[in-house]
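One structure below.
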Amino acid sequence: MEHAPLLTMRNITKTFPGVLANDDVSFDVHAGEVHTLLGENGAGKSTLMKILFGLYQPDSGEIRLRGEVASITSPTSAIEQRVGMVHQHFMLVPTLTVAENVALGLPSNRGFRTDLDAVSERILEISEQYGLSVDPSIEIWKLSVGERQRVEIIKALYRDAELLVLDEPTAVLTPQEVDDLFIILRQMTANGTGIIFISHKLHEVLELSDRITVLRNGKVTGDTTPSETNRQQLAEMMVGREVKLAPDKPHVDLGLARLQLRDVSVKGDRGTMAVDGVSLDVHAGEIVGIAGVSGNGQRELAETIAGLRPAESGSSVTIDDADLTKAGPARTRAAGLAYVPEERMKDGAVGEFEVSENLLLINHGDPKFRRGPLFDFAKIREHCQRLVDQFSVKTPSLETPTSSLSGGNIQKLIMARELDSRPSVILAAQPTRGVDIGAAEYIHSELIEQRNVGVAILMISEDLDEVLGLADRIAVMFEGRIVTVIDREAATREALGLAMAGG
Amino acid sequence: MKAKRMLKLFAVLFAMTLTAAACGSGDSTSTTTSECGSDLAVAAGESVTDLSVALVAPSAKDDVAFTQSMVDSLTRLGIEPQITDGTFVVEEAAAAIRGYAEDGIDIIVAHGTQYGGSLAEIAPDFPETSFIWGTSADNQGIANVFAYYPEADQGGYVNGLIAASIAGADGIGVVGPVEAGDAVAYIEGFTLGAEAGGSSTSIVYTNSFSDVALATTTAEAHAANGVAVLTGTSQSAVGAVNVATANDLPWFGTQSNTEAWSSDLTVASQVYHWDVVLADMIEKIEGGTLGGEAMALTLENGGLVMEFNGCYDLDSSVKSDAEAAIADIIAGEIVTK
Amino acid sequence: MSQFFTVSVLVATLATAIKFAVPYLLAALGETIGQRSGVLNLGVDGTMLLGAFGGYYTVIQTGSHLQGILVGLGIGLAVGIVYAYVTVFLHAQQGISGIGIFLFGLGFSDLLFQELVGTPKPIRPLPTLDKLPGVGRIFEPLVDIDIVGPLLFDHNLMTYMAFLLVPATTWLLMKTTFGMNVRAVGENPQAADSLGVSVAKTRFIAILIGSSLAGIAGATLSLQLAIFQHNLTNGIGFIAVALVYFGAWRPRWVMAGALLYGLVTATRIRWQSLDIIPQGASDIAAMAPAIITILALVLLASRVRGPAALTRPFSRH
Ligand SMILES: Nc1ncnc2c1ncn2[C@@H]1O[C@H](COP(=O)(O)OP(=O)(O)OP(=O)(O)O)[C@@H](O)[C@H]1O
Ligand SMILES: [Mg+2]
């Protein structure tokens, strides 16, 4: 049994009410390799990993660790068998410190009392070994997303994980943070750790993986290695049809400025000026991309445009010449704004609501859904079914609670709702974060479609590929200001990268 | 539901115990003095009527205050009523009152001012039933409702006068519940009596009939201010009595005899003998008049009785001054409000 | 009038406030622990009533204050087991389950009182330090010290226990593994679960501690007042729950809230007893403690968020 793989999952099947999430999946990982799981939203990747981590029990199938049959009944037993997991949605307690989050669930050397000094010491050792710099005594809520991710990895390393699952670790990271993460992961594999990596970003997958397994509709549909494949081929393996990675963009004559920002200044959560005198016009028929490392005022700017955050005096926000500087979200929407927020579960959808309820969230007052004073449920069903089909939201039914959809499908649901509202201006923040290739292609073509018919689109994205592929003009934001606005034709990846770093 | 039934069962048991323990009969003079160390249990009298009687009251039937005074009064009349007590919630009381009326009870005593609104709805539906309701100075103009109320200021005056002789310049602390009803009457009469006796009162209303903690704190504040005597009313007054005990301060009670709470320090209690007006009412009911008027408890008609504590060594001249004052109040020579 | 401004009156007011705050503080500290674990218990007042009766009845029977307090604790523990079972394992809705506990406590404590005692009869109150059997004499000179005596030494042992429980609760929550687990399951139970912390067990124990303290708070109340009667607590348990919110789930702020509530109550009573507040204004004055405490704490604590998972049952699927 000496050369048995670190992990073998054999014939795993798992059903949820109305969904076959994993269908006879077999999969293995060797010590020291990165094995990537690739698949559309809802393909069953997270489910398979949760089974491995003891959060779900498979209906049938077998798991072997180091050649021995393993029974993984709970996260505790997974941890005991040296399996670690960095979840798609972070599993951190924001009000606890880094050290406390790491120590959680572990016995303390001092019995009843916590021994955070000893924990901190080991955290520092680990950080030094892997270059994961983080202050053990700081509370999680004060950390950036990239730093939080480091804490998740430290948690696994602290528990001596030999097999580490990373479920979409890069979805929320800046390009620089992704580079840093990869350095750490390579160091871990060099030390013999086996890594399972999940991502929708094909260039990352090609860069990091030793092997790639593709899932579709819960089934394994193929496996390959980076040397014998390319982006186009991977995309097609995932989606099962031909995919256009670079969307076609016909020429459109610019119309009037529909969204106008003049000297917009906004205070952030901590009272400092997060947006500092931003002026920008978005015309009918163009997509303006805002590039920049997150945390440079993009979120605050988006919230201000959407009417969710007050601007400082002297600022002005207008849509089609209507002054919306002091308008709340209702008036702003009435003026023709569609808003796809960055944090989909917090600002974009209500997790406990059914799919249909979230689809109706912004226009349940529309008379066309009413018969007298009552809802016309037949009409509503028809409307929601159409949106679900059109945007291929993968859901067992319209009544499913939204929180049990996979991450990418929630995003598609929000897009469907917003684009259907016939807006004059679309404000989309990270519109394809965590969305699979097929769906991203659809969302991109839909945005371009809207642009072609004269909608003004302001897109905020950290994904340079997305910005370069979609935008007509690109504005780079740094420390709350727009440092440069470049036409797409004149933009290069290098120039943008430099501007994003403040250079 | 089960708890309710157990309560009722217990109520019946309790009434039987009372009856069994009974010996001798009540009196209707305006003062009494207990024998020190004697049992305070009220003796059951000769039954005055064959009519069936039910009682609905807000607090516990043995609260040493408002509700117990009514139970004791009925006992003195030889009446063993069906009892629903502890109905602080008016809706519950209304349900109980209606239930008794539907069961064909002849006389229903609704012992709580707050039940007035419910009675105005229920009484007209049962014109054959007589409702006795208090405390209230008017019967809401309903033909089958009798109302009763104590002129609590009268005994208050007497208590105040005696208290002044003990307290003098140190003053008297008053623990009031809610500024309404017989509490206000008692406290105002008490203040007049205290002033007539050359002392003064400090009055605090806690704004609750039942908050013992607040009554305790209030009495402690009075004690800390250096008063020499305490008095108070409502079932929360037990807290104040405990403070009187802890600080060795004489106490004056009202509504019921508070010797049960403080056998050494209770000087005198104004006790409501509802039986005096109840007896009048029952006589009228038997004569076919089911209601239509309000009757007052006074020192004159024996509805208010000043009960002196035999264990408290009260100066005999003070006591005779008090008795003279009672006579003057009855004669109308002293005005107590 | 000028009396009010004398030192002795101020000291007496403060001393009253401290004593008055004790049952509130005990109950609120318990509720703080429960809420930190993500469980709201609106049954505190009912638990207190049962504890109050249990303690009172025990003292009638045995004459022992210590046993009275222990019985209060035991009753709180028993009620806590029921509440924890229903909310943690059966995933019952917390708000309504708590109200159920309250109503049960209100009715059942009264029923037991009627059955077993009947006429409210005073018991021997909890002795202050100088009246403690045996060792009381040692404290007598301390109680007589100006200012410090009445403020610090003229109290019963439960008062000291309540205030010592403030740092103890902070220590439990901040410095022990159990406390860390409590905070984690109240904030993000999924995360705690993913690290092998048993959400159910942690919440169960937190509820038991909280409920036991509510039982002790009730027993302390009846032993301090030396009496029991129908609804003796008069809503103390509900105010304690409010104090937890307004005290932003921090033991020290909760203590500040309880003391402030006690102080405003003591002050209004005292001002009325000295005629500083005119007769007739008592209804308005009676609202002052609640209003002032809420205002003060809202101003202090409005920026603090509560445990994110408060009132949310946890299950893996
Ligand atoms: N707890 C659950 N209850 C019901 N259905 C679930 C649950 N968890 C997942 N599903 C369903 O199982 C399927 C697979 O979901 P899973 O989260 O594994 O997808 P995924 O491949 O991780 O997708 P994504 O890339 O969007 O994260 C989806 O259809 C999802 O709706
Ligand atoms: Mg997933």
Exercise. Assuming A:Asp59 fulfils every condition listed in (1) more than 16 Å from ligand 2 (Cβ to nearest atom); (2) closer than 26 Å to C:Val197 by Cα; (3) in contact with a Gly (Cβ under 7 Å, 6 or more places away or on another chain) apart from one, which condition is it?
Worked result: (3)
Exercise. Based on what the data block shows, is B:Met306 modelled with pLDDT of 90 or more and under 23 Å from B:Phe146 (Cα atoms)?
Worked result: no
For this session: Might you let me know whether the stretch A:105-121 holds any residue that is touching a residue at least 12 places away in the same chain (Cβ under 8 Å) and away from chain C (no Cβ under 11 Å)?
Result: yes
Seminar exercise, completed: Taking the stretch A:379-412 and keeping only residues that are assigned to a helix (DSSP H, G or I), within 16 Å of ligand 2 (Cβ to nearest atom) and either in the same structural domain as A:Leu447 (by TED's automatic domain parsing) or over 18 Å from A:Ala171 (Cα atoms) (or both), one is left with A:Thr402, A:Ser403, A:Ser404
Exercise. Of A:Leu55, A:Leu20, A:Leu48, which residue is free of Cβ contacts under 8 Å to residues at least 24 places away in the same chain and within 26 Å of the chain's Cα centre (by Cα)?
Worked result: A:Leu55
Exercise. When the stretch A:315-374 is examined, which residues are found to be at pLDDT 90 or above and of a type in the set (Phe, Trp, Tyr)?
Worked result: A:Tyr339
Exercise. Among the residues of the stretch A:468-503, which ones are charged (D, E, K, R) and not in a helix (DSSP H, G or I)?
Worked result: A:Asp472, A:Arg473, A:Glu479, A:Arg481, A:Asp487
Problem set entry | Identity of the residue in the stretch A:19-73, of a type in the set (Asp, Glu) and either near ligand 1 (Cβ under 9 Å from one of its atoms) or open to solvent by 50 Å² or more (accessible area, probe 1.4 Å) (or both), that ends up farthest from A:His87 (Cα to Cα) | A:Glu68
Exercise. Of all helices (runs of 4 or more DSSP H) completely enclosed by the stretch A:147-248, which ones contain at least 3 residues that are away from ligand 1 (no atom under 16 Å from the Cβ) and open to solvent by less than 40 Å² (accessible area, probe 1.4 Å)?
Worked result: A:175-190
Problem set entry | Matching option when the condition is modelled with pLDDT under 90 and under 27 Å from C:His155 (Cα atoms), among B:Asn207, B:Asn247 | B:Asn207
Problem set entry | Which listed residue, of C:Gly247, C:Gly257, is modelled with pLDDT under 90 and of a type outside the set (Val, Ile, Thr) | C:Gly247
For this session: Could you check the stretch A:262-340 for strands (runs of 3 or more DSSP E) lying wholly inside it with 3 or more residues that are within 24 Å of A:Gly434 (Cβ to Cβ)?
Result: A:287-291, A:337-340
For this session: List the number of the failed condition for C:Leu152; all other conditions in (1) assigned to a helix (DSSP H, G or I); (2) without any contact (Cβ under 8 Å) to a residue 60 or more places away in the chain; (3) more than 22 Å from the chain's Cα centre (by Cα) hold.
Result: (3)
Seminar exercise, completed: Considering only helices (runs of 4 or more DSSP H) wholly within the stretch C:164-261, the ones with at least 1 residues that are buried (at least 24 other Cβ atoms within 10 Å of the Cβ) and within 11 Å of the chain's Cα centre (by Cα) are C:199-225, C:236-246
Exercise. Is there a residue in the stretch A:447-467 that is in a helix (DSSP H, G or I) and within 27 Å of A:Gly44 (Cβ to Cβ)?
Worked result: yes
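This table checks each residue for (1) away from chain B (no Cβ under 14 Å); (2) charged (D, E, K, R).
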| residue | (1), (2) |
| --- | --- |
| C:Ala258 | no, no |
| C:Val264 | no, no |
| C:Trp271 | no, no |
| C:Ile277 | no, no |
| C:Pro289 | no, no |
| C:Leu295 | yes, no |
| C:Leu300 | yes, no |
| C:Ala308 | yes, no |
| C:Arg312 | yes, yes |
Exercise. Which members of the stretch A:135-146 meet the condition of being hydrophobic (A, V, I, L, M, F, W, C) and either closer than 30 Å to A:Thr47 by Cα or in a strand (DSSP E or B) (or both)?
Worked result: A:Ile140, A:Trp141, A:Leu143, A:Val145
For this session: Report yes if A:Gly42 is of a type outside the set (S, T, N, Q), within 14 Å of ligand 2 (Cβ to nearest atom) and on the phi > 0 side of the Ramachandran plot, otherwise no.
Result: yes
Exercise. Tell me, which residue of the stretch A:380-430 that is basic (Lys, Arg) and within 12 Å of ligand 1 (Cβ to nearest atom) is least open to solvent (accessible area, probe 1.4 Å)?
Worked result: A:Lys412
Exercise. Hey, does the stretch A:359-375 have a residue that's free of Cβ contacts under 8 Å to residues at least 24 places away in the same chain and of a type in the set (A, V, I, L, M)?
Worked result: yes
For this session: Taking the options B:Asp264, B:Asp275, name whichever one is within 24 Å of B:Val71 (Cβ to Cβ) and touching a residue at least 40 places away in the same chain (Cβ under 8 Å).
Result: B:Asp275
Problem set entry | Filtered residues of the stretch B:55-99 (kept if among the small types (Gly, Ala, Ser) and surrounded by fewer than 21 Cβ atoms within 10 Å (Cβ to Cβ)) | B:Gly78, B:Ala94, B:Ala95, B:Gly99
Exercise. Only one of (1) within 16 Å of ligand 1 (Cβ to nearest atom); (2) modelled with pLDDT of 90 or more fails for A:Arg451. Which number is that?
Worked result: (1)
For this session: Take A:Gly307 and decide whether it is surrounded by 20 or more Cβ atoms within 10 Å (Cβ to Cβ), among the small types (Gly, Ala, Ser) and in contact with a Ser or Thr (Cβ under 6 Å, 6 or more places away or on another chain).
Result: yes
For this session: Starting from the stretch C:175-190, take each residue that is within 7 Å of chain A (Cβ to nearest Cβ) and list its partners that are among the basic types (Lys, Arg) and in a helix (DSSP H, G or I), counting only C-beta distances under 6 angstrom and pairs at least six apart or across chains.
Result: C:Arg183/C:Arg36
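The values are calculated or read from the model by the stated rules, or taken from the named source; none is laboratory data. Here the structure is a predicted model, which means the values were calculated and not measured. For neighbour counting, all protein chains shown are included, and Cβ atoms are generated from backbone atoms with ideal geometry for every residue, glycine included. For the accessible areas, the whole protein counts, side chains as well, though only heavy atoms, and no ligand, DNA or RNA atoms are used. Shrake-Rupley method; radii C 1.70, N 1.55, O 1.52, S 1.80 Å.
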